[in-house]
Every structure is written in structure tokens, then in C-alpha cells.
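Structure, as C-alpha cells:
Taken together, the values in this text are just the output of simple stated rules run on the coordinates, not laboratory data. Note that the structure is predicted; figures quoted are calculated from it, not measured. Cβ atoms come from the backbone with ideal geometry, glycine included; neighbour counts cover every protein chain shown.
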Amino acid sequence: MARIVGGITTSHIPAIGAAISKGLQNTAYWKPFFDGYAPVRRWLDAVEPDVAVVIYNDHGLSFFLDQIPTFAVGAATQYPNEDSGWGLETLPPVRGDLELSWHIIESLVADEFDITICQEMKVDHGFIVPMMTMWPDAKEWPITAVPVAVNTVQHPLPSAARCYKLGKAIGRAIESYPDDLSVVVFGTGGMSHQLQGERAGFINKPFDTMFMETLVENPEALTRLSNAELIREVGSEGIELIMWLAMRGAMTRGATLVHSHYHIPVSSTAAGVLVLENSAPALAGV
Amino acid sequence: MTWDAHDYDAVPGTYVFNGRRAAMGYPLNRMCMSFNHAENREAFRQDEAVYCEKYGLSPAQRDAVHTRDILRLVQLGGNIYYLAKLAGIFGLSVQDVGAQQRGITVDEFKAMLEQSGEPIHG
């Protein structure tokens, strides 16, 4: 049976990808941020996942505003990265896992999640920057992937509670897959940031800190936040944190914290990363 | 026509990208989507006015493009992720765009971010 070994939530700020492409990880500006990812990479090296189920949002590469699915699941043999006008390097495509994709799709629809099915899906920085951050030196991506796109662009957006339930349904889908696969679930985006309006540059460290701690211990409490409350507390773009709840929903209730790191600022954003493991940590001292 | 009121309308300095803004901004955002392709970015650079005309931007949107007024473009229905594609053509970074909308210098904006251990209100 497939098994979810753990989950990672991470910011997907485009500037992170640009810094990796330019080899800036050890500069004064970037080192405090990238230092927070060394333990994440050690954990990944130890668990060696086969597949990443990546819950992320598209910012205008695969989807335009003509047709916006609330939830979309990829069902392709590969997911290309392309120019989306943000000045980022185009990276190699990520290989898909068709059978797992269709298993998740069937399971989600049976579970009353009326998702959009995508046999072609491009992945932008929301997906690829976390992959770069996990495997910055990889010549080719060491995992296959199932992308799950959540609409965090065109309001109305799904609620935190709905995303948490989606995560639970994704968890049930993965754990019912008959093949022996080791799966890591990603939730990307956030933390607090606002890119638009006179409130641009809004960052809320106390709320982010509370969110990270509560996500591990008592995620249900966070599902009571409305999207209006989230916009107020983490900014209009920080609402991407609803995808962190989707990752948490896919984990077991008693999942343990392996690593947590928070850094302000990256570009205009508060950057956070969390690693959760579904059983006792495989590595001491990661 | 009556657009629904929302509980997020009270958040200051924030233009949540809802149906009303999506409808108003559709030609502008559609133009920005075209900038995923380098040849379209080049065509825009060659003749901005013609390019804006081709996508049917309103006079106010065309004027805000011409004056590089990102805040005005947000108010006219531009989605910030799409406007980022346009801002890139203008050589404006995310921090430049933030500072411009907030009405402060980029250095002031960067200093504000560095100091944001506490929430910045307003």
C-alpha cells in the first residue's frame, strides 16, 4: 500500500527560484533563508519519497481567468514548466504518475470533491520553486508528482475548512492506493504577504508564528478562520495559507513536527517551512 | 446591477480580486496573460498604445498603463499576479511595485519589510 511518510509546507516565492538559478544561496541576504532548508533536505534524503503530491496555486500559466477551477488535479505523464513572464529560468518538466493521479481523481470524486481533471497541466513557480528548494542540485527531479491546483487567485476562494477537508480526502486517496509507494504531500505558498493596494508589504509575524504552531498541534482551530479574517491577518496574497491546511489534512492527527523555520523577508513575503512526519522521526537530530 | 458586499471590504488598502474586479479587469488581465510569450512582450515594447488597443483596454486602463500606475491598474481590475507580468516589462520588481503602491521609496519599503517583526497596520 502507498504510505504518506510526511508533509512539507513551504513558501513558493519566485525570488527564491531566481536566487537558486543565480547561485546566491550563500550571500548575506539569502543564507539565513536557505539555512532553514538544510534540515528539510536531510529529511528528504532519509525518507527518499517516490512521489510528491503538490498542493499549490497557479498564477497565470496553466490557467487563465477565462476558466478557473476551484480544485484541479493533474493526470499527465509530465508537467512542463514554462515562461510565465516573471523572468524566471524555465526548468525541466516534472514526471507524473498516471495511475496514482487517476486513483486520486476517482477517490476524490467518490468522496464528493468535484475536481477538474487535467491531462495537460503546466506548473509555474507555485509548484516548481518548492521543487528547486528541496532539490537545488538535481539534474532531474528525483520524484514523480501529482499536482493539485487550488484557486487562490479568483475570489470566491475555497475556505480553510474546505481545504482541510480536501487534504483529508487526498490522504484517504493516497493511503488506499495498492502499490507500495512512499508519498510526501506538499502545501505551498504564504506566509503573510500582500502584493497589491496601499497595504502592500503587510507582514504579520505574530500571526504566522501562531499559525505554524497551531497547524501542527490543533489544525481544526485554524479551519474556523474565514477568508476575510485570513486576508486581514496574512494579507490578500497570504491567503495561500489555506493550502497549508490542505497538507495538514492529509497527515494523521498525531503527525509530529520534524522541522520548522521562519524568515522575514524574502522579496515582500514572510517565508516559512514546516516538515511533519506521520510516525516517529526516521532521523534523530535532523 | 447590484454587486454583493463582502466581509473583506473593510480591510484597508486592499482590492480583493472578486467578480466585480475580474469583470472590469478582464481585457487588461487578458493582455497581461499574453506576456507569457517573449514575442508578445516585444510587440508591447514596440508599440504600447496599439497593443493596449488590440486587447480592448478602457481609456482609464490605457492611461494607467502609460503612466506605469500599478495601484490605479489594481483599482481598475488588474490582478496583481497578472500585473506582475506587465511590471516585469517595465523593469519593476515586486518590491518596486509594493513601494509604488504604498507611496514610499523602495529603500523605505525594504526597511519596512526588514523591520516587520510586528504587524504593520494600514
- [ ] Please state which one of A:Glu175, A:Glu198 is within 23 Å of A:Arg253 (Cβ to Cβ) and of a type in the set (Asp, Glu).
- [x] A:Glu175
- [ ] Give the range A:100-116 a look and list any residue that's surrounded by 20 or more Cβ atoms within 10 Å (Cβ to Cβ) and either touching a residue at least 60 places away in the same chain (Cβ under 8 Å) or on the phi > 0 side of the Ramachandran plot (or both), or say none.
- [x] A:Leu100, A:Ile104, A:Leu108
- [ ] Give B:Tyr26, B:Tyr15 a once-over and let me know the one that is touching a Leu at 6+ places or on another chain (Cβ under 8 Å), surrounded by 15 or more Cβ atoms within 10 Å (Cβ to Cβ), among the hydroxyl-bearing types (Ser, Thr, Tyr) and within 21 Å of A:His59 (Cα to Cα).
- [x] B:Tyr26
Task: Extreme residue, farthest from the other protein chains (Cβ to nearest Cβ), among residues of the range A:83-99 that are surrounded by 15 or more Cβ atoms within 10 Å (Cβ to Cβ) and of a type in the set (Asp, Glu) - done: A:Asp97
Task: Odd one out for A:Leu44 among (1) in contact with a Leu (Cβ under 9 Å, 6 or more places away or on another chain); (2) surrounded by 19 or more Cβ atoms within 10 Å (Cβ to Cβ); (3) more than 14 Å from chain B (Cβ to nearest Cβ) - done: (1)
- [ ] State whether one or more residues within the range B:14-34 are within 12 Å of chain A (Cβ to nearest Cβ), farther than 17 Å from A:Ser268 by Cβ and of a type in the set (Ser, Thr, Tyr).
- [x] yes
TODO: Please note which helices (runs of 4 or more DSSP H) are completely contained in the range A:1-53 and include at least 2 residues that are without any contact (Cβ under 8 Å) to a residue 60 or more places away in the chain and either within 30 Å of A:Asp180 (Cβ to Cβ) or aliphatic (A, V, I, L, M) (or both).
DONE: A:38-47
TODO: Keeping to the range A:50-96, report how many residues are at positive phi and in contact with a Cys (Cβ under 8 Å, 6 or more places away or on another chain).
DONE: 2
Open item on the list: When the residues of the range A:197-239 are narrowed to those that are of a type in the set (Val, Ile, Thr) and under 16 Å from the mean Cα position of the chain (by Cα), which ends up farthest from the other protein chains (Cβ to nearest Cβ)?
Closed with: A:Val216
TODO: Sort out which residues of the range A:233-277 are part of a strand (DSSP E or B), in contact (Cβ under 8 Å) with a residue 60 or more places away in the chain and closer than 29 Å to B:Gly98 by Cβ, and write them in order of number.
DONE: A:His261, A:Tyr262, A:His263, A:Ile264, A:Pro265, A:Val266, A:Thr269, A:Ala270, A:Ala271, A:Gly272, A:Val273, A:Leu274
- [ ] Take the range A:240-263 and flag every residue that is farther than 18 Å from A:Val54 by Cβ and within 14 Å of another protein chain (Cβ to nearest Cβ).
- [x] A:Tyr262, A:His263
